[in-house]
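This report refers to the structure that appears directly beneath it.
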Amino acid sequence: MGKIEWAMWANEQALAAGFIYLTGGIVGVAGQFSGWKFAAFGIAAGVFVCLLEYPRSKRIKGTNFERTGQYCFTVCVKAFGPLTRNYYVRAFLHAVLCIPGGFMLATVLGCVCLGIASLIYLSAAIHGEHWEPILPEAEPTKHVSQSIKQPPQNPPPRPPADMRRKRLDDLEAAAYVNPIPVRE
Amino acid sequence: MGNWIVNHGLETFILVVWMGINVFLFVYFYSFYDLGPQFFYTHQLLGSALSWARAPAAVLNFNCMLILLPVCRNLLSLIRGNFMCCGVALRKQLDKNLTFHKLVAYMIALMTAVHTVAHLLNVEWYINSRHGKYGPLPGNLSALRDNRAKNTTYLNPIEYDYTGIAIDSFNVLAPQTPTLFAFTTIAGLTGVVITLALILMITSSMEVIRRSYFEVFWYTHHLFIIFFAGLVFHGAGRIVRGQQTTEPPHDTIFCKTQPQNWGLIPECPIPQFVGGFPQTWKWVIGPMVIYICERFLRFIRYMQTVRYKKIVMHPSNVLELQLVKSGFKMDAGQYVFLNCPAISQLEWHPFTLTSAPEEDFFTLHIRSAGDWTNQLIKMLENLPEGSQGPKMGVDGPFGTASEDVFDYEVSMLVGAGIGVTPFASILKSIWYKFKDSNPKLRTRKIYFYWLCRETNAFEWFADLLQVLEKEMEERGMRDFLTYKLYLTGWDHTHAAHVMVHFDKDTDVITGLKQKTHYGRPIWDKEFEQVRQENPSSVVGTFLCGPESLAKVLAKKCVKYSDVDPRKTKFYFNKENF
């Protein structure tokens, strides 16, 4: 298998898990299931995981595909520094968050998916990956090439003045070929 | 409007039919479970959640049947071959197989979500009924268990009610919770497992993952085996129960208010229930068999011997392989899948064939683009002269839109970057057909546009164009092929070089008579030129290149087409791997 950044897949899985956790929680609370408190936790955990996982990390190599509107999330996630940068922390966090989901059927799928995401993040952390924010790069100033700065000092080369003067007596000799063809 | 119909009509029709079938199945089965008298008592326990679970189940059956079919490449090639008579538009739809596969997958995901939510509600309400929370009728219905002595059958699959935790000498019989129910019934367990498999398949198929790490996508996608296995057994528990007619009949309207009298009065014998026979296997067994045949065929193809005729290393890390395989027949512009067990047992990679069908061998040009190709190139570089390369499995060839090039009177071929490869095969084939005066060749004129950032990896293609150029001139056929090259990655050093060599007859970059253009083509001008030079013709536009270019060309085709048969019509065909 080629060199893969596990974190990319873990991110997709965790985001999906967040949605599923959230949906399971909503069903549990709205249906007033017994054990609805776990469902309420599921809603909170689901929302939190979605917010945390929405901004994609910058890749080690390759083009970055940002999610729509992820910049504000990037800024928030970046503010937590090493807590969000380190994938061991994330793996642990997801593992802890998923446990209450296992106590209720509506959230059990969210629990398992988040657990799997946690394992993939663990794999990413073991491989030495970490989260990098995708920030817009400052536009590099346009490099103006040397020759444009200095206007030319000398006029362009022309044949000497007396050759240029119209010589009506000898039209044949007066003609000269333009070095660069003149377009109509 | 007419142009849109010409280019997108059939595709939209197929989508409308598919969606129509989905809607019909959903509504039909919803009504069946909602209004059917045999489900009257089931409704007392579950309300409309029963119908909300069964309707998506029917849609899921239909879509799980469909999902395997678009990925049976050999089946599609077979259909393609047999529909040669039916015109280009129908065969074009077969190119969009992956798009359809994804669409069906989205529908499966959506319906799974609805189905799961409805069943979550069902389980919760079954348990509540069993615990007597909904009154006497649901309570009595739920209390019915399978008991031959008492002649009762169960409706509510929940075994134990709330009255105490019975502790046997060895077993602890706990009151059932939804989670316990899910993991101790066939339907529950298979449901959770296959939904998990589905979620893993979907997250690893996201575009980002697929384009960057194809192996993760490909290996994870094999979870579909678990998905289908679980799906077939999902209904085996038969826990969706309907009422059977008894002798004497049980009058639900009369008896529902007096459950305590069931079995005691003649109008109300104890109601009997039976579970529905599992239906899913009937839907999916066909496509599963077809898919197994497909994989088997790929395996057989892999076992066939492939002999190396010639191995050439071109500059810029391009490997040319000339291979011979008995019984191999191809058409211009097709592709094959290669597998090299020495590099990776399970990976099959697609490569376009660059030889013409008229030759008795087939050629592939492989550029270094990743792990697999790099390893292959390294292995073959270190090979001693004249010896055979590593064992190679070849599956295919598989059809693409390029086969249709010869059917159009006028063709516009656009190759961007590596996408120029299928056109090598096509141009060679055209050259052979012309030499043999093949009547199948309906093409009178070809416009070829080659766009690339730099010509480094494509010197071999420039050589081909040089040969063609010479041949065309010898036969006085200069107008047959018009080609334009666009170097999109030029900079000031290029410009300086070109200025110095401006007067030369042949182009400095490619050595061809036709001068290289710099920058991207102005498509409006190109289409206008083609339209003017070919009034009342059907022009096929073929692209092998990036998505953004496909969108541009598709729009131009629609813009410059006219439904009027006296005017030019452009059809757009795109290749995609």
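The values are calculated or read from the model by the stated rules, or taken from the named source; none is laboratory data. Values in this document were obtained by computation on a predicted structure and should not be read as measured data. FYI the Cβ positions are ideal-geometry reconstructions off the backbone, even for glycines, and counts take in every protein chain you see.
Just checking, which of B:Lys282, B:Lys310 is in a strand (DSSP E or B) and either among the basic types (Lys, Arg) or surrounded by 13 or more Cβ atoms within 10 Å (Cβ to Cβ) (or both)?
Matching residue, one of B:Lys282, B:Lys310: B:Lys310.
For the range B:331-355, name all the residues that are hydroxyl-bearing (Ser, Thr, Tyr), part of a loop (DSSP other than H, G, I, E, B) and either in contact with a strand residue (DSSP E or B) (Cβ under 8 Å, 6 or more places away or on another chain) or surrounded by 18 or more Cβ atoms within 10 Å (Cβ to Cβ) (or both).
B:Thr354, B:Ser355
Just wondering, is there one or more residues in the range B:438-449 that are in a helix (DSSP H, G or I) and crowded, with 19+ Cβ neighbours inside 10 Å?
no
Being closer than 28 Å to B:Asn156 by Cα, more than 14 Å from chain A (Cβ to nearest Cβ) and buried (at least 19 other Cβ atoms within 10 Å of the Cβ), is that true of even one residue in the range B:222-229?
Checked against the condition, which is being closer than 28 Å to B:Asn156 by Cα, more than 14 Å from chain A (Cβ to nearest Cβ) and buried (at least 19 other Cβ atoms within 10 Å of the Cβ), the range B:222-229 yields at least one hit.
Which of the residues spanning the range B:11-50 are part of a helix (DSSP H, G or I), closer than 20 Å to B:Gln244 by Cβ and of a type outside the set (A, V, I, L, M, F, W, C)?
Listed by number, the residues that qualify are B:Tyr33, B:Asp34, B:Pro37, B:Gln38, B:Tyr41, B:Thr42, B:His43, B:Gln44.
Any residue that is over 28 Å from the mean Cα position of the chain (by Cα), at pLDDT 90 or above and aliphatic (A, V, I, L, M) - is there at least one of those in the range B:29-39?
Within the range B:29-39, one or more residues are over 28 Å from the mean Cα position of the chain (by Cα), at pLDDT 90 or above and aliphatic (A, V, I, L, M).
Every residue in the range B:175-190 that is among the hydroxyl-bearing types (Ser, Thr, Tyr), in a helix (DSSP H, G or I) and more than 11 Å from every other protein chain (Cβ to nearest Cβ), please.
Selection gives B:Thr184, B:Thr190.
So which helices (runs of 4 or more DSSP H) stay within the range A:1-114 end to end and still have 1 or more residues that are closer than 22 Å to B:Leu110 by Cα and more than 10 Å from chain B (Cβ to nearest Cβ)?
A:6-30, A:36-53
Name the single residue, out of those in the range B:418-460 being small (Gly, Ala, Ser) and within 18 Å of B:His365 (Cβ to Cβ), that is nearest to the chain's Cα centre (by Cα).
Applying the filter and picking the extreme gives B:Gly419.
One line per residue, one yes/no per condition, for (1) more than 14 Å from every other protein chain (Cβ to nearest Cβ); (2) surrounded by 16 or more Cβ atoms within 10 Å (Cβ to Cβ); (3) over 19 Å from the mean Cα position of the chain (by Cα); (4) of a type outside the set (Val, Ile, Thr):
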| residue | (1), (2), (3), (4) |
| --- | --- |
| B:Val192 | no, yes, yes, no |
| B:Leu198 | no, yes, no, yes |
| B:Ile202 | no, yes, no, no |
| B:Arg210 | no, no, no, yes |
| B:Phe217 | no, yes, no, yes |
| B:Gly237 | yes, yes, yes, yes |
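Out of the range B:466-500, which residues are at pLDDT below 80 and not in a helix (DSSP H, G or I)?
B:Arg475, B:Gly476, B:Met477, B:Arg478, B:Asp479, B:Gly489, B:Trp490, B:Asp491
For B:Asp395, indicate whether it is surrounded by 20 or more Cβ atoms within 10 Å (Cβ to Cβ), within 29 Å of the chain's Cα centre (by Cα) and not small (Gly, Ala, Ser).
yes
Hey, any hits in the range A:91-110 for a residue that's in contact with a helix residue (DSSP H, G or I) (Cβ under 6 Å, 6 or more places away or on another chain) and under 21 Å from B:Arg210 (Cα atoms)?
No, that holds for no residue.
Count, please, the residues in the range B:535-573 that happen to be of a type outside the set (D, E, K, R), touching a residue at least 40 places away in the same chain (Cβ under 8 Å) and either within 21 Å of B:Tyr486 (Cβ to Cβ) or part of a strand (DSSP E or B) (or both).
Final tally of qualifying residues: 17.
Quick check on my filter: what residues within the range B:260-298 are of a type in the set (Gly, Ala, Ser) and touching a residue at least 24 places away in the same chain (Cβ under 8 Å)?
Those that are of a type in the set (Gly, Ala, Ser) and touching a residue at least 24 places away in the same chain (Cβ under 8 Å): B:Gly275, B:Gly276, B:Gly286.
Does the range B:220-272 hold any residues that are closer than 30 Å to B:Met288 by Cα and either not assigned by TED's automatic domain parsing to the domain that holds B:Gly191 or not in a helix (DSSP H, G or I) (or both), and which are they?
Those that are closer than 30 Å to B:Met288 by Cα and either not assigned by TED's automatic domain parsing to the domain that holds B:Gly191 or not in a helix (DSSP H, G or I) (or both): B:His222, B:Leu223, B:His234, B:Gly235, B:Ala236, B:Gly237, B:Arg238, B:Ile239, B:Val240, B:Arg241, B:Gly242.
Those residues that are touching a residue at least 24 places away in the same chain (Cβ under 8 Å) and over 35 Å from the mean Cα position of the chain (by Cα), I need them from the range B:482-493; list them, please.
Once the filter is applied, which keeps residues that are touching a residue at least 24 places away in the same chain (Cβ under 8 Å) and over 35 Å from the mean Cα position of the chain (by Cα), the range B:482-493 yields B:Thr482, B:Trp490.
Scan the range B:371-387 and give yes if some residue there is closer than 16 Å to B:Ile418 by Cβ and surrounded by fewer than 16 Cβ atoms within 10 Å (Cβ to Cβ), otherwise no.
yes
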